[in-house]
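Report on the structure given below.
The values are calculated or read from the model by the stated rules, or taken from the named source; none is laboratory data. Note that the coordinates shown come from a computational prediction; the quantities given were computed from them, not determined experimentally. As a convention, Cβ positions derive from the backbone with ideal geometry for all residues, glycine included, and neighbour counts pool all protein chains shown.
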C-alpha cells in the first residue's frame, strides 16, 4: 500500500483527544471482534498484545473476558498510548507494528482492531508471527477493498487522482497469511453502512479519527468549495430513502494460528 507512514502517525496522534467521540465504527468493530475471540479461544490467554490499541477501548473488554490476563497495549502514537487507562495488568508500550517491541514467542493472543490497513501487511504479519508463542493466535480486523465505494465513485466523477485509501482484498490477506506459514487461517468480511447528512460530514468523520487519505499520490492542499459542491452532486446517486448519504465499510476479519512447530519464515514474499 502506497501510504505515507509519517502522515499516518501524525494524523492519529492529532486525533487522540477527540478520537473516542467520533470512532463509532471502530468501537462496533471492536465489539464484533471480541465476540469472535471469546467464542474461538478454548484456553484463556496469559499474555495479550493489543496491537494498535488506540486509546485502549479493547483493554477493558479483554480484561472482562480474561480477568487473569496481562495486556500489552501497544500503539505507535504516544498520544494514544498515554490515553489508555492505568491498570496493574496493562503495560503501555509505544512501538511500531513494523517492528514490535516484544520478545519473540511471548504472546498467546495478538488482538488488533482496524490497524493493519495503515501498514505494510506483510511486515506486520511477520512481526505478529514472531511475537506469538507456538500455538498462539492472531485475531484482527481490517478494511476491505470495497470500503467507501460510494465516496470513491463520487470522486471518480471529478478526477482520477486517489482521494480514498485503497485496501487489500480479503482473499489476498488470506493468501498472505498462508504464505507466511500461519495455519487454520480464516478470513471473512461483512459490510457496515453509516449515514451522513452531507458529503463533507463523511470527510470530517474520517479526519476526526485520523483515517483520512494518506496515499502518496493523493492531491495535496485544501479541497475547494467548488469541488466539494461537485462531489456532493456526484454522491447524490447513493442517497437513501431518508435523504441521507451512505458510507459503506467492508470489515474484514482474519483469524490465524502460529504452528506448534514453527520452522520460521523460509519463504519471503517479494515486494512489488
From 126, 145, 150, which residue is surrounded by fewer than 22 Cβ atoms within 10 Å (Cβ to Cβ) and within 15 Å of residue 255 (Cα to Cα)? 126
Flag if residue 181 is within 21 Å of residue 111 (Cα to Cα), over 16 Å from the mean Cα position of the chain (by Cα) and in a loop (DSSP other than H, G, I, E, B): yes
Residue satisfying all of: in segment 141-178; in contact with a strand residue (DSSP E or B) (Cβ under 7 Å, 6 or more places away or on another chain) and assigned to a helix (DSSP H, G or I); nearest to residue 32 (Cα to Cα) among these: 170
Restricting to segment 14-31, give me the number of residues that are in contact with a helix residue (DSSP H, G or I) (Cβ under 7 Å, 6 or more places away or on another chain), modelled with pLDDT of 50 or more and farther than 19 Å from residue 65 by Cα. 1
What residue, of 83, 60, 64, is out of contact with any strand residue (DSSP E or B) (no Cβ under 9 Å at 6 or more places or on another chain) and under 16 Å from residue 29 (Cβ atoms)? 60
Could you please let me know if residue 186 is surrounded by 22 or more Cβ atoms within 10 Å (Cβ to Cβ), under 25 Å from residue 62 (Cα atoms) and either touching a helix residue (DSSP H, G or I) at 6+ places or on another chain (Cβ under 7 Å) or modelled with pLDDT of 95 or more (or both)? no
Which of (1) at pLDDT 90 or above; (2) more than 19 Å from residue 250 (Cα to Cα) is the odd one out, the single condition residue 174 does not satisfy? (2)
Just to be sure I understand, how many residues within segment 92-140 are under 14 Å from the mean Cα position of the chain (by Cα), assigned to a loop (DSSP other than H, G, I, E, B) and farther than 14 Å from residue 74 by Cβ? 2
Testing residue 90 on (1) out of contact with any helix residue (DSSP H, G or I) (no Cβ under 9 Å at 6 or more places or on another chain); (2) more than 29 Å from residue 261 (Cα to Cα); (3) surrounded by 15 or more Cβ atoms within 10 Å (Cβ to Cβ), one condition comes back false. Which one is that? (1)
Residues that are touching a helix residue (DSSP H, G or I) at 6+ places or on another chain (Cβ under 6 Å), modelled with pLDDT under 95 and surrounded by 15 or more Cβ atoms within 10 Å (Cβ to Cβ): does segment 32-55 have at least one? yes
Just checking, how many residues over segment 153-171 are within 16 Å of the chain's Cα centre (by Cα) and either surrounded by fewer than 16 Cβ atoms within 10 Å (Cβ to Cβ) or more than 22 Å from residue 109 (Cβ to Cβ) (or both)? 6
